[in-house]
Amino acid sequence: MSTQVPEQTEEESSTTEPPAESTPSERRMEKKRERAAAREEALQAEEAEKALDDEETYHLKVFRYDPEIAGKQEPRFDDFHVPYHKGMTVLDALMYARDTYDSSLTFRHSCRQAICGSDAMFVNGSQRLCCKTQLSDLEEPVRVEPLPHAEVVKDLVVDMEHFYDQMEAVEPYFQTNDLPDGELEEQRQSRENREKVKMSTRCIWCGACMSSCNIAAGDNEYLGPAAINKAYRFTMDEREGEDMKQQRLEILEQEHGVWRCQTQFSCTEVCPKDIPLTEHIQELKREAVKNNLKFW
């Protein structure tokens with residue numbers, strides 16, 4: 001026997017009651033809350049804008065160039081306004097600009113302690129190590145460019161291959177035929193000789209001196225101040241012996257060696273390690289002259 005369920009009318013099937021209308025008092029309170037929230041939001045925005053205005057910033061004009069991207073193949077300068085804090089270096093500012101504004105900004109850096117030499121750039125018209133250069137010592141806008149007289153790979157990165165070739169040309173490593181008699185005996189160097197070559201050993205291969213040299217800019221075969229300084233370091237080392245000194249002087253006496261230097265002191269002025277490069281080059285000139293003197 002089947003049981004029939006009586007059909008529900010439309011009124012019976014509808015169990016949801018319409019929301020009760022808010023009272024005039026509730027509507028007034030809601031509008032009051034909305035106005036208060038709007039005022040609070042406007043106040044916060046005003047305070048944030050004021051804080052930004054009060055924050056000290058440095059204006060950077062950074063060289064940009066990317067041969068692989070259409071629209072970026074023409075060199076240009078981009079502007080960055082970087083928040084400043086005490087002790088901030090040019091490298092710090094570049095890293096902030098890259099990490100905050102434009103991740104495609106390209107430059108070399110490594111140790112950040114003026115030891116590796118990888119972040120040498122042309123800052124406000126002079127070759128400098130960016131990790132060593134304080135923003136507070138520079139006038140705004142701080143203009144950052146790649147090292148002059150070198151091919152630009154991208155943005156602030158230059159091709160260093162030619163510079164390394166010139167360094168290798170002077171055989172920058174210790175060589176000697178005068179080994180100590182004892183198997184475990186060390187090669188001794190006098191204190192006076194160590195003091196003589198000490199400054200030349202500070203070279204970090206940054207390329208700043210080479211970039212500043214007008215002779216190197218016009219003569220692609222010129223060894224350059226960095227390479228000649230490296231040759232000085234070993235030529236003047238008493239442990240290498242006369243035969244190796246003679247060999248190095250022959251390298252330095254060539255047409256594109258020490259005699260191409262015109263004593264402009266630009267390399268000495270920009271060296272971040274304060275090496276007296278021009279003085280070393282002049283001393284090697286004197287050694288070359290003495291080497292060629294003949295007495296009969």
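The values are calculated or read from the model by the stated rules, or taken from the named source; none is laboratory data. If you're wondering where the values come from, they're calculated on a predicted model, not measured in any experiment. When we count neighbours, we look across all protein chains shown, and the Cβ atoms used for this are built from the backbone with ideal geometry, even at glycine. The accessibility values were calculated without ligands, DNA or RNA, using every heavy atom of the protein model including side chains. Shrake-Rupley method; radii C 1.70, N 1.55, O 1.52, S 1.80 Å.
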Name the lysines eligible as straight-distance cross-link partners of K32: C-alpha to C-alpha under 29 Å, and not fewer than 8 places from it in the same chain.
-> K50
Size of the chain as Cα extents on the principal axes (Å, biggest first) | 138, 62, 42
Kindly report the accessible area of the chain per residue (heavy atoms of protein chains, probe 1.4 Å, no ligands, DNA or RNA), in Å².
-> 63 Å²
When the accessible area of the chain is computed with all protein chains present and a 1.4 Å probe, what percentage of it is carbon and sulfur?
-> 47 percent
Region 154-228 and region 74-96: distance between their alpha carbon centers, rounded to Å = 32 Å
Rounded, prolate or oblate (a/c below 1.5 giving rounded, otherwise prolate when a/b exceeds b/c) for region 178-296 by Cα gyration tensor | oblate
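Taking the Cα centre of region 128-199 as origin, sum charge times position over the Cβ atoms of Lys and Arg (+1) and Asp and Glu (-1), and report the length of that vector in debye to the nearest 20.
400 debye
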Loop-located trypsin sites (Lys or Arg not before Pro) in region 235-296 whose Cβ has at most 11 other Cβ within 10 Å (DSSP) = K294
Chymotrypsin sites (Phe, Trp or Tyr not before Pro) restricted to region 160-236 and DSSP loop, no more than 10 other C-beta within 10 Å | Y173
Over 23 Å (Cα to Cα) - which of K72/K132; K86/K198; K61/K230; K196/K230 fall in this group | K72/K132; K86/K198; K61/K230
Sites E161 and E41 - FRET efficiency at Förster radius 51 Å, r taken between beta-carbons, to 0.05 | 0.35
First check a/c for region 31-170, with a ≥ b ≥ c the square roots of the eigenvalues of its C-alpha gyration tensor; if it is under 1.5, answer rounded, and if not, answer prolate when a/b is larger than b/c or oblate otherwise.
-> prolate
How do 62-74, 129-141 rank on mean C-beta neighbours within 10 Å, highest first?
-> 129-141, 62-74
Pull out a ≥ b ≥ c, the square roots of the eigenvalues of the alpha-carbon gyration tensor of region 66-135, then state rounded if a/c is under 1.5, prolate if not and a/b is larger than b/c, and oblate in the remaining case.
-> prolate
Once both label points are put 7 Å beyond Cα along the C-beta direction, the E269-T106 separation in nm becomes 3.2 nm
